[in-house]
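Working notes, structure below.
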Amino acid sequence: MAAPKKPQVPGLLKGLGVTLNTMAQTLKPRKLGGGSATVQYPHEKETPPLRARGVIALREDNCTSCMLCARSCPDWCIYIEGHKELAPPRRAGGAPRKVNKLDRFDIDYALCMYCGICVEVCPFDALFWSPEYEYSEPKIADLLHDKTKLGEWMETVPEAPALEAGAEKKKGK
Amino acid sequence: MTDLADRQKLSYIAAQAADARLNVELETEGMTLNIGPQHPATHGTLRIIVRLDGEQVVWAEPSAGYMHRGYEKLTEVRTFPQVTALVNRIDWLGSFANEVPFILAAEKLMEIEAPPRAQWIRTILFELSRIANVGLFLGDLGVQLGAVTPVFMAFRDREHVLNLIEGATGGRFHPNFDRIGGLKDDLPAGWIAETKQVMKKLRNFCTEMEDLLFGNEIFQSRLRGIGVIPAEVAKQYGLSGANLRASGVDWDLRRDQSLPLAYDKVDWKVWTHPDGDSFARCWIRLQETRESTLIVDQLLDTMPSGPIMAKVPRIIKVPEGEAWVSTENPLGEMGYYVVSKGDLGPFRVKIRSASFNNISIVPWVLRGVYVPDVISILASLYFILGDIDR
Amino acid sequence: MLAVDLPYWAQSLLRVLGGTVAVLLPAGTIVYLFLFKMMSFMQSRLGPMEAGPYGSMQLFAEVGKWLQKEDLAPDGADKRIYRMAPLVVLVSTFLLVAVVPFGPDAYFTNFDAGVFYMLAVSSISTLGILMAGWSSANKYSLLGGLRAAGQLIAYELPMVLAVLGVVIQAGTMNLQQIVVKQNSDSIFGWDGLGNPYILTQFIGFAIFMIAVQAELTQTPFDMPIAESELVSGYMTEYSGFRFLIFFIAEFATAGVFSLIASVLFLGGWGVPFSWFGWDAATGSVDNWMNVAGPIIMITKMMVLSGIIMWVRFSYPRFREDQLQRFAWKVLIPVSLLNIMLTAILKVAF
Ligand code: SF4
Ligand code: SF4
């Protein structure tokens with residue numbers, strides 16, 4: 001039979017040993033490599049990895065309101081409105097340029113499923129992931145965040161992490 | 001005179017009726033019990049209707065669909081990248097593993113193959129999600145049998161695996177990391193070293209579970225010889241994964257199929273158990289978790305360098321055709337039959353998820369068992385609601 | 001022998017108050033120390049930390065929470081019985097603690113059939129559980145209640161038989177005298193330790209603890225509650241303060257049974273009398289034992305209930321038929337053998 005051999009110590013005692021061990025491990029001070037597996041959240045926090053998809057941040061200047069992100073979102077939770085504006089020409093004497101001005105850029109985080117497609121498709125590097133996660137709201141409607149709020153999160157966006165050995169050079173962001 | 005005869009007749013009838021009543025009473029009336037849709041043992045909203053005689057089940061039927069989310073329909077109005085984001089919610093504990101067969105099917109239609117480094121990383125993440133999934137099963141098994149501690153240990157150590165998945169992909173639960181032609185990104189620096197550490201911890205966790213649960217005489221007496229599924233029946237009901245291997249069928253798609261994944265590059269073993277009982281199913285899973293950590297370790301050592309993305313157009317259109325790819329997911333065989341008409345999205349996707357077939361044996365295997373065994377058998381069959389109801 | 005002679009009513013009042021404390025204090029400490037903290041540590045977490053220093057006020061927060069909740073009764077329930085059931089369970093606990101001696105004079109009642117009374121009263125809780133299961137109008141509750149009844153009756157027997165060994169050895173059913181006997185006896189003439197019956201009656205002790213585990217419906221014998229099968233067994237429908245009463249009763253009974261076990265097997269409140277030259281026959285035990293005794297008792301109780309809880313957090317549960325088989329085929333024969341052996345040895349020496 002492929003079943004394991006009868007253990008020497010009765011399994012009942014071994015089980016008690018495991019729980020006792022864990023208790024000793026938990027009670028051992030953190031400094032000695034012990035401590036509990038949990039952290040006491042509001043007092044101590046774990047840092048999420050750099051790539052963590054916490055919240056989407058928007059760099060408004062880069063956005064051309066091309067709507068690509070809104071269209072490729074699987075549950076259509078990005079709301080964009082924009083209009084065209086005439087901006088002063090780049091070089092003196094040139095014709096005025098037409099630029100897209102963003103009026104509204106809202107993401108409904110109650111709907112968002114954090115898939116990252118919008119960040120990936122944005123051709124102008126306007127969207128970024130930030131590992132920030134503390135933005136829960138008592139009311140679900142308050143999870144609709146506008147472009148100012150999304151812009152504020154830009155500060156929390158980390159540098160892209162270095163890659164593991166053997167990876168090819170990456171292009172872009 | 002007639003009076004008397006009538007009375008006699010009446011008393012005769014009454015006596016007959018009393019006899020009949022007695023007979024009915026002796027044959028105790030059954031009790032119908034709804035286990036679920038809200039029940040601690042159903043991990044969600046599976047409903048199992050059982051008819052009981054005392055504590056013995058005479059008839060049982062699973063009734064699924066309380067959490068149907070219509071994935072097959074949703075895929076019809078989504079583009080291929082969007083579908084990837086959706087499908088990793090099917091078996092939510094082993095989410096990366098859900099993406100792989102779909103992507104492989106799409107790649108098969110487009111006739112491209114991911115570069116070796118991408119295949120390696122895919123396989124590693126695949127196995128990591130298996131560890132996260134089955135590791136939690138081992139703990140949850142304890143809860144189903146009344147031991148409260150194992151599940152916390154399972155959560156503790158699954159956390160390490162989830163941290164790894166998050167570190168590499170950005171998503172703890174729903175990585176959405178697989179792309180047609182490769183992967184979204186390469187691994188961040190330091191990930192390999194960390195993974196090796198975690199794999200050591202998980203092997204330690206497996207030993208702990210062996211001591212705390214599997215070696216426990218009470219645990220064994222609860223599971224041994226309970227819910228025996230012979231190999232023949234298992235095949236007839238379309239079981240797959242550990243449930244099938246526990247019945248002694250040596251069948252593992254990771255080994256038996258040549259897919260662009262790195263399983264043939266490592267040295268590993270398919271575990272089987274001849275007994276086919278609940279204990280065998282759980283034991284197989286324990287061994288497989290340990291085996292997975294070894295697979296990951298070996299893959300990390302032999303990881304090739306190079307690109308992680310094949311040449312694919314920026315806007316993905318999958319050429320017309322049909323493809324079926326299935327892989328050995330944590331719960332069993334999971335496959336996608338993708339029909340494409342050359343559009344941005346699939347025309348039709350048929351999803352074969354393992355749990356749906358695995359619980360179809362419930363009416364057969366539950367007949368004649370006791371209520372406590374209903375729970376242990378359901379636990380050992382191991383299903384995930386999202387995987388049943390899609 | 002109390003220093004001051006109190007009138008009867010004052011003594012009674014003291015005893016009632018003492019009894020309440022003796023039930024609630026162990027319950028509270030067991031819940032905090034073992035259920036909140038020890039369990040958490042065994043699961044590598046810290047448990048409640050916010051209410052009070054190191055979470056020590058958590059219990060009061062919980063009690064407050066339960067008291068606020070609505071006291072619901074299902075529509076089809078047999079309301080009167082449904083409401084009474086938790087009280088019946090709790091009453092059994094209070095009645096149990098009445099015979100436990102805490103010191104030479106610190107006892108609630110002291111009568112000759114103490115052991116007998118204790119065994120009888122401990123079955124009342126079965127009644128309460130059966131009532132709860134039956135009256136809830138819920139199939140899970142019913143199954144839980146029936147399981148509980150079967151289990152508690154099955155384990156009452158080994159418990160009685162295990163205690164019989166002690167009674168034979170001590171030659172008395174009076175719990176107070178059992179304590180005195182244990183502390184004044186000697187082991188083969190050496191009286192440095194007294195003669196706690198855990199040494200001579202170890203089998204009895206083991207069986208008693210197993211039966212206690214079953215009586216308390218703690219894992220591995222918790223089928224009546226079996227949250228993964230029966231949702232919460234006979235307690236499924238209870239909420240609010242009635243649930244609280246069940247909860248208190250569960251842990252208070254754990255404490256009281258530990259107290260009884262320490263009386264029967266671990267020498268109770270006493271220290272070996274030879275240490276201080278006390279004489280059991282004349283009852284010349286120093287008065288300070290009335291203070292030290294309860295402390296000694298509580299310490300022993302904590303150790304025993306710690307073991308009960310430790311087992312509870314480590315083991316999966318039996319199945320109903322396995323449990324019955326274990327009681328009838330293993331525990332009862334072994335305890336019968338134990339009694340026979342004890343009787344023979346008693347006559348021989
Ligand atoms: S992360 Fe996904 S769901 Fe959320 S806004 Fe972006 S595309 Fe939409
Ligand atoms: S895809 Fe990028 S540039 Fe286009 S609308 Fe979205 S955020 Fe702006």
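The values are calculated or read from the model by the stated rules, or taken from the named source; none is laboratory data. The shown structure was predicted, so the numbers you read here are calculated from the model rather than taken from an experiment. Positions of Cβ are generated from backbone atoms using ideal geometry, with glycine treated the same way; all protein chains shown enter the neighbour counts. The accessibility values were calculated without ligands, DNA or RNA, using every heavy atom of the protein model including side chains. Shrake-Rupley method; radii C 1.70, N 1.55, O 1.52, S 1.80 Å.
Some values worked out for this structure:
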| item | result |
| --- | --- |
| Of all residues in the stretch A:25-43 being in contact with a helix residue (DSSP H, G or I) (Cβ under 8 Å, 6 or more places away or on another chain) and aliphatic (A, V, I, L, M), the one that is farthest from C:G55 (Cα to Cα) | A:A37 |
| Qualifying residue in the stretch A:86-96 (condition: within 12 Å of ligand 1 (Cβ to nearest atom) and either buried (at least 17 other Cβ atoms within 10 Å of the Cβ) or more than 14 Å from every other protein chain (Cβ to nearest Cβ) (or both)) | no |
| Elements of type helices (runs of 4 or more DSSP H) contained in the stretch C:113-218, each with 3 or more residues being aromatic (F, W, Y) | C:202-215 |
| Residue within the stretch C:12-19 that is more than 24 Å from C:A132 (Cβ to Cβ), modelled with pLDDT of 80 or more, open to solvent by 70 Å² or more (accessible area, probe 1.4 Å) and part of a loop (DSSP other than H, G, I, E, B) present | no |
| Residue count, the stretch A:49-76 (criterion: within 10 Å of chain B (Cβ to nearest Cβ) and either in a strand (DSSP E or B) or away from ligand 1 (no atom under 16 Å from the Cβ) (or both)) | 2 |
| Residue that is farthest from A:P161 (Cα to Cα) [pool: residues in the stretch A:40-91 that are at pLDDT below 80 and of a type in the set (A, V, I, L, M, F, W, C)] | A:L86 |
| Scan of the stretch A:116-143 for residues that are without any contact (Cβ under 8 Å) to a residue 24 or more places away in the chain and touching a Leu at 6+ places or on another chain (Cβ under 6 Å), ordered by number | A:E137 |
| Residues within the stretch B:157-186 that are touching a residue at least 24 places away in the same chain (Cβ under 8 Å) and within 14 Å of chain C (Cβ to nearest Cβ), tallied | 3 |
| Boolean, A:L111 is under 16 Å from A:V55 (Cα atoms) and either within 15 Å of ligand 2 (Cβ to nearest atom) or open to solvent by 50 Å² or more (accessible area, probe 1.4 Å) (or both) | yes |
| Filter result for A:E81 (more than 29 Å from B:R78 (Cα to Cα), within 16 Å of ligand 2 (Cβ to nearest atom) and in contact with a strand residue (DSSP E or B) (Cβ under 7 Å, 6 or more places away or on another chain)) | no |
| Boolean, B:R51 is open to solvent by 70 Å² or more (accessible area, probe 1.4 Å), modelled with pLDDT of 80 or more, within 14 Å of another protein chain (Cβ to nearest Cβ) and in contact with a helix residue (DSSP H, G or I) (Cβ under 9 Å, 6 or more places away or on another chain) | no |
| So B:P330, is it in contact with a Lys or Arg (Cβ under 7 Å, 6 or more places away or on another chain) and under 21 Å from B:A60 (Cα atoms) | no |
| Only one of C:D78, C:D112 that is modelled with pLDDT under 80, open to solvent by 20 Å² or more (accessible area, probe 1.4 Å) and within 24 Å of the chain's Cα centre (by Cα) | C:D112 |
| Selection status of A:E120, closer than 26 Å to B:W92 by Cα and away from ligand 1 (no atom under 16 Å from the Cβ) | no |
| Meets criteria (near ligand 2 (Cβ under 10 Å from one of its atoms) and of a type in the set (A, V, I, L, M, F, W, C)) for A:V99 | no |
| Residues being of a type in the set (G, A, S), assigned to a loop (DSSP other than H, G, I, E, B) and within 9 Å of another protein chain (Cβ to nearest Cβ) - total across the stretch A:7-48 | 3 |
| Tally of residues being assigned to a strand (DSSP E or B) and free of Cβ contacts under 8 Å to residues at least 12 places away in the same chain across the stretch A:77-115 | 1 |
| Residues located in the stretch B:144-155, provided they are buried (at least 21 other Cβ atoms within 10 Å of the Cβ) and facing another protein chain (nearest Cβ under 9 Å) | B:Q144, B:L145, B:G146, B:A147, B:T149, B:P150, B:F152, B:M153 |
| Within the stretch B:198-235, considering residues that are of a type in the set (S, T, N, Q) and in contact with a Phe, Trp or Tyr (Cβ under 9 Å, 6 or more places away or on another chain), the one surrounded by the most Cβ atoms within 10 Å (Cβ to Cβ) | B:N216 |
| Given (1) under 30 Å from A:N21 (Cα atoms); (2) open to solvent by 20 Å² or more (accessible area, probe 1.4 Å); (3) assigned to a helix (DSSP H, G or I), number of the condition C:L323 does not satisfy | (2) |
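Conditions (1) open to solvent by 30 Å² or more (accessible area, probe 1.4 Å); (2) more than 16 Å from ligand 2 (Cβ to nearest atom); (3) under 26 Å from B:V83 (Cβ atoms); (4) within 14 Å of chain B (Cβ to nearest Cβ), marked per residue:
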position: A:E120; (1), (2), (3), (4): yes, no, yes, yes
position: A:I140; (1), (2), (3), (4): yes, yes, no, no
position: A:K147; (1), (2), (3), (4): yes, no, no, no
position: A:L150; (1), (2), (3), (4): no, no, no, no
position: A:M154; (1), (2), (3), (4): yes, no, no, no
position: A:L163; (1), (2), (3), (4): yes, yes, no, yes
